[in-house]
Amino acid sequence: MVGLFRLVSGCPGPSGFGSASTAQEVTEGIDGTNLTALVTGGASGIGLETSRVLALRGVHVIIGARNMKAANEAKNKIVRENPRARIDVLELDLCSTNSIRSFADNFIALHLPLNILINNAGIMFCPFQLSQDGLEVQFATNHIGHFLLTNPLLDTMKNRVKATGIQ
Ligand SMILES: NC(=O)c1ccc[n+]([C@@H]2O[C@H](COP(=O)([O-])OP(=O)(O)OC[C@H]3O[C@@H](n4cnc5c(N)ncnc54)[C@H](OP(=O)(O)O)[C@@H]3O)[C@@H](O)[C@H]2O)c1
């Protein structure tokens, strides 16, 4: 009950932050220059704000997006505001197993480290439709897609932890 009250009112919890806190407030003072993050659906909404704030803290951000035009516009917007932002865009359609495989292959071929994986992209309340793999599109995007994306990237993430000690 107290938790629900806090959530609705935005009152800070023991951490000093609450549901009204922004990503920028929560990350104030954090140096992310040694970190690399992948944000799916980073071209709009919560993913865009997450990418913007991570880049503001020095993190190298890779945006995985199916709409490359929107993703490049998002990248340019972030860089205009913060010319030191390190942002790259890679094509990823979570509704397609072929696209996920190519994305993972391309990412691994770049030999980039990976510290943070933010499986943010998602759809909801969409009309019934099947993906090209024959799965219902919301289930395919929000669940199966991110599962298939995370698996091939796990070794890259574990290697980064071993090499740096940063969990
Ligand atoms: N906003 C809320 O209140 C709320 C509440 C609960 C949960 N969430 C969850 O939080 C996440 C972000 O929400 P949001 O409000 O920021 O949503 P949003 O503005 O609709 O953004 C979703 C992002 O996911 C991308 N995406 C969708 N399908 C994709 C696919 N097959 N492959 C690659 N990217 C895809 C979209 O790209 P396109 O432009 O190409 O579609 C878009 O960039 C979602 O998972 C959502 O379900 C949000």
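What number of residues in region 7-19 are closer than 22 Å to ILE46 by Cα and open to solvent by 90 Å² or more (accessible area, probe 1.4 Å)?
2
Just to be sure before I move on: is ASP88 touching a residue at least 12 places away in the same chain (Cβ under 8 Å), open to solvent by 40 Å² or more (accessible area, probe 1.4 Å) and either in a loop (DSSP other than H, G, I, E, B) or closer than 24 Å to VAL137 by Cα (or both) in the structure I sent?
In short, no.
The conditions are (1) open to solvent by 40 Å² or more (accessible area, probe 1.4 Å); (2) assigned to a loop (DSSP other than H, G, I, E, B); (3) not aromatic (Phe, Trp, Tyr), and CYS95 fails exactly one of them. Which is it?
The single condition CYS95 does not satisfy is (1).
Filter region 63-84 down to residues that are of a type in the set (A, V, I, L, M) and within 13 Å of the ligand (Cβ to nearest atom) and give me whichever is most open to solvent (accessible area, probe 1.4 Å).
Once the filter is applied, the top-ranked residue is MET68.
Identify, from the list ILE78, ILE87, ILE46, ILE63, the residue that is at pLDDT 95 or above and in contact with an Asp or Glu (Cβ under 8 Å, 6 or more places away or on another chain).
Criteria check complete, one pass: ILE63.
Return the pairs, sorted by first residue and then second, in which the second residue is within 12 Å of the ligand (Cβ to nearest atom) and open to solvent by less than 20 Å² (accessible area, probe 1.4 Å), the first residue lies in region 132-152 and is closer than 17 Å to ILE108 by Cα, the beta carbons are less than 6 Å apart, and the residues are 6+ apart or on different chains.
Taking only residues 6 or more apart or on different chains, the pairs are LEU148/ILE100; LEU149/ILE100.
When the residues of region 119-142 are narrowed to those that are open to solvent by less than 50 Å² (accessible area, probe 1.4 Å) and not in a loop (DSSP other than H, G, I, E, B), which ends up nearest to the ligand (Cβ to nearest atom)?
For region 119-142, the residue satisfying everything is THR141.
Identify, from the list ILE46, ILE62, the residue that is in a helix (DSSP H, G or I) and among the hydrophobic types (A, V, I, L, M, F, W, C).
ILE46
The values are calculated or read from the model by the stated rules, or taken from the named source; none is laboratory data. This is a predicted model, so every value here is computed, not measured. Cβ coordinates were reconstructed from backbone atoms using ideal geometry, including for glycine residues, and neighbour counts include every protein chain displayed. Quick note on the areas: whole protein, heavy atoms, side chains included, nothing else; ligands and nucleic acids left out. Shrake-Rupley method; radii C 1.70, N 1.55, O 1.52, S 1.80 Å.
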